[in-house]
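Data first, discussion second: the structure below is written as structure tokens.
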């Protein structure tokens with residue numbers, strides 16, 4: 001049975017990736033599109049590939065095509081491979097491990113997205129009374145603030161004022177301060193409509209330069225997260 005014949009069959013397996021439904025048929029459709037549009041020009045092969053009918057497909061690129069997410073929004077490697085394996089696809093190793101710095105960058109990016117997923121559903125854990133911004137047809141998650149960038153989270157506090165939240169995996173430095181101030185300025189100009197605007201940087205640690213800078217900026221605060229594990233028996 002070829003790709004097109006399989007696509008006519010019903011969905012046989014499905015999973016989700018960062019809240020987005022992914023089925024085996026959606027992946028097969030993305031593979032067909034890859035063969036048509038990218039097969040002859042694609043050069044970004046990494047360590048893993050999906051093997052299908054004698055052809056290889058890049059997992060991260062196929063997942064991006066399937067979900068509509070930009071590849072910069074999620075890490076590659078095992079977290080991406082898991083999606084395809086759950087759907088019954090075969091993932092093989094085709095290249096050497098990435099350099100340590102590249103692997104660390106992927107891990108940090110993945111953790112930031114996991115932290116974003118967690119806080120988007122539980123933003124009140126940062127501050128009592130907070131809720132995710134949902135107004136004017138916009139949702140306060142990965143809010144497009146062009147030309148200054150994308151805001152990780154935008155929340156509304158219990159007084160109705162706005163809170164710009166920037167998430168960092170590991171240590172945040174003083175560059176994060178400038179980044180958040182830029183976001184705050186954009187929000188004041190485009191969304192606030194006279195409401196107050198504050199900023200918050202969430203990270204595991206902060207450089208001394210950042211701590212010093214925040215002392216002079218009462219509208220900007222730091223929030224430290226801790227990671228802990230709890231274990232229980234499986235019966």
Go through the stretch 14-39 and give me each residue that's closer than 13 Å to residue 66 by Cβ and either touching a residue at least 60 places away in the same chain (Cβ under 8 Å) or part of a strand (DSSP E or B) (or both). 14, 15, 16, 17, 18, 20, 21, 22, 23, 24, 27
Just the residues that are at pLDDT 90 or above and surrounded by 14 or more Cβ atoms within 10 Å (Cβ to Cβ), please, taken from the stretch 212-235. 213, 214, 217, 219, 220, 221, 222, 223
For the stretch 139-179, give me each residue that is in contact (Cβ under 8 Å) with a residue 40 or more places away in the chain, on the phi < 0 side of the Ramachandran plot and out of contact with any helix residue (DSSP H, G or I) (no Cβ under 7 Å at 6 or more places or on another chain). 157, 165
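Conditions (1) modelled with pLDDT under 95; (2) more than 20 Å from residue 128 (Cβ to Cβ); (3) assigned by TED's automatic domain parsing to the domain that holds residue 73; (4) touching a strand residue (DSSP E or B) at 6+ places or on another chain (Cβ under 8 Å), marked per residue:
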{"site": "139", "(1), (2), (3), (4)": "yes, yes, no, yes"}
{"site": "156", "(1), (2), (3), (4)": "no, no, no, yes"}
{"site": "159", "(1), (2), (3), (4)": "no, no, no, no"}
{"site": "164", "(1), (2), (3), (4)": "no, no, no, yes"}
{"site": "198", "(1), (2), (3), (4)": "no, no, no, yes"}
{"site": "204", "(1), (2), (3), (4)": "yes, yes, no, yes"}
Can we say residue 46 is buried (at least 16 other Cβ atoms within 10 Å of the Cβ) and within 22 Å of residue 96 (Cα to Cα)? yes
Per the list (1) over 17 Å from the mean Cα position of the chain (by Cα); (2) at pLDDT 90 or above, residue check on residue 100 breaks on (2)
Checked the stretch 141-154 for anything exposed (fewer than 12 other Cβ atoms within 10 Å of the Cβ) and in contact with a strand residue (DSSP E or B) (Cβ under 7 Å, 6 or more places away or on another chain); matches are 144
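Every residue, every condition in (1) modelled with pLDDT under 90; (2) closer than 22 Å to residue 112 by Cα; (3) not assigned by TED's automatic domain parsing to the domain that holds residue 152, yes or no:
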{"site": "7", "(1), (2), (3)": "yes, no, yes"}
{"site": "17", "(1), (2), (3)": "yes, yes, yes"}
{"site": "27", "(1), (2), (3)": "no, no, yes"}
{"site": "42", "(1), (2), (3)": "yes, no, yes"}
{"site": "65", "(1), (2), (3)": "no, yes, yes"}
{"site": "69", "(1), (2), (3)": "yes, yes, yes"}
{"site": "73", "(1), (2), (3)": "yes, yes, yes"}
{"site": "85", "(1), (2), (3)": "no, no, yes"}
Filtering the stretch 180-189 down to residues that are surrounded by fewer than 19 Cβ atoms within 10 Å (Cβ to Cβ) and in contact (Cβ under 8 Å) with a residue 12 or more places away in the chain, which residue is nearest to residue 208 (Cα to Cα)? 181
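The values are calculated or read from the model by the stated rules, or taken from the named source; none is laboratory data. This structure is a prediction, so every number in the text was calculated from the model and none was measured. When we count neighbours, we look across all protein chains shown, and the Cβ atoms used for this are built from the backbone with ideal geometry, even at glycine.
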